[in-house]
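Notes follow the structure.
Computed from the coordinates by the stated procedures, all read-outs in this text should not be read as laboratory data. Since we're looking at a predicted model, the values are computed, not measured. Here Cβ is always computed from backbone atoms with ideal geometry, including for glycine, and neighbour counts include all displayed protein chains.
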Amino acid sequence: MDDQMFLDGVLLDVKVSYWRGKKTLTPEDLGLTKQQVPEIFRLGTKMIVPKQALDEFERIESRVQYLTDRWAFPFPTGRAHFVPYTVLPEVTVELTGLRQRFDAEVIRFMGNLAQYRERLAAQYPQYKEAIERGAMDEASTRRKFGYSWTLYEVKLPKDLHLKAISDKEAREKADAQRKALGQAEEAFRKQYQEQVDAFLNESVGRLRVLVLNAVSTLADQVKEGKVNQGTVRAVREAISRFRSLNFVGDAGTEVKLQELEGLLPADKVEPGPALDILAAAVQSTVEAATKDDIPAVAEQYRRRIRVDAV
């Protein structure tokens, strides 16, 4: 059963919403009448508060996106991401911290809302009335802000069925409905299976890209005969991240990374035997990460979770 995958991780859905400080522009805002605006034109938006007043919300939203990109895998249901349990504590701690930061910023923003509008009106006095027309009451503005995150699993229904019916005519109709329901269930299971297959293949691929991005710079420096410690630290971090995220069990790549990790220098490496050995390990790692066996790795994981479910 593919829902056994949730023994290795959980789905995360994070929602960050905030008022963008905009309202729809009207002809009156520009000193025009509706008749003066050709129907082929569409007016845009006007700012009600300075854009800079919302910068912190944008930074928080970007940080949430970075967090899910770094520690999770996009899952084919809604906006969910699959987070391996190995990194879940770290993810939830940071999400909680971002929530606290978001709530504090909402309080600060709402406390300065009137001042923001006044500042914008002072900067653009010719549009003061347009800015004031776009103002919302405090309660309506506050409802535009929200930060929440949910952890959950997906479980396929074991059986879709209808209640037993005694009336003959109703029973015949129910039999037809039951048949249609069975066909729908079969189609849904097939679709979900295909989505999970694609998800696992993509997850293995994302892990391989993580390796290649880190090792490519190291490979270039090895060829030049100069390896700096910044690159070495980046490779060590990538190896640690790969281990934490490798819920699919890509053993071939992990073995090569372990061998490479043991050869990473503590200081700069000069041309010689040590550099040659490192070069061979880098090449071996690149070959493992580019090997055309992603479907096989994903299938091996699928077989494992099916066996665990028995």
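State the volume of the convex hull built on the alpha-carbon positions of segment 193-305, expressed per residue in Å³ and rounded to an integer. Could you put the intermediate results ahead of the total?
Details: hull volume 9.7 nm³, N = 113.
Spread over its residues, the Cα hull of segment 193-305 gives 86 Å³ apiece.
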Worksheet item: Along segment 134-144, what does the Karplus equation 6.51 cos²θ - 1.76 cosθ + 1.60 (θ = phi - 60°) give for ³J(HN,Hα), rounded to whole Hz, x for Gly and Pro?
Response: x, 5, 9, 6, 4, 5, 5, 5, 4, 5, 7
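Pairs of Cα atoms under 8 Å, at least six residues apart: use those to get the relative contact order of segment 1-88, whole percent.
Details: 72 pairs, mean separation 36.7, N = 88.
Relative contact order of segment 1-88: 42 percent.
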Fill in: Length-normalised contact order for segment 193-305 - Cα pairs under 8 Å, 6+ apart - percent
38 percent
Discussion item. Please give the charge dipole size of the chain, origin at the Cα centre, charges +1 on K and R Cβ atoms and -1 on D and E Cβ atoms. Round to the nearest 20 debye.
Written reply: 1040 debye
Worksheet entry | In order through segment 118-125: 3J(HN,Hα) via Karplus (6.51 cos²θ - 1.76 cosθ + 1.60), integer Hz, x for Gly, Pro | 4, 5, 5, 5, 5, 6, 10, x
Discussion item. Could you work out the relative contact order of the chain? I mean the mean sequence separation of Cα pairs under 8 Å and 6+ apart, divided by the number of residues, in percent.
Written reply: 23 percent
Worksheet item: Only one of the listed values, (1) -1.40; (2) -1.54; (3) -1.19, was derived from the coordinates as log10 I(q)/I(0) by the Debye sum over Cα atoms at q = 0.16 Å⁻¹; which label is it?
Response: (3)
Worksheet, complete the sentence: So, over other residues within a Cβ distance under 11 Å of residue 17, counting Lys, Arg +1 and Asp, Glu -1, the net charge is +3
Worksheet item: In square nanometres, what is the average projected area of the Cα convex hull of segment 1-82?
Response: 8.8 nm²
Item to complete: Over 25 Å between C-alpha atoms is what I'm after, so list which of 223/256; 51/144; 190/291; 15/155; 155/190; 34/128 land there.
Response: 190/291
Worksheet item: Viscosity 0.890 mPa s, temperature 25 °C: Stokes-Einstein D of segment 18-161 from its Kirkwood Cα radius, in µm² per second?
Response: 132 µm²/s
Practice prompt. Give the long-range amide H neighbours of residue 80: residues separated by 5 or more places, or on another chain, with amide H under 5 Å away, using H modelled in the peptide plane at 1.01 Å from N.
Written response: 75
Worksheet item: Considering only 207, 49, 4, whose Cα is most displaced toward the positive end of the charge dipole of the chain, charges sitting on Cβ of Lys, Arg (+1) and Asp, Glu (-1)?
Response: 49
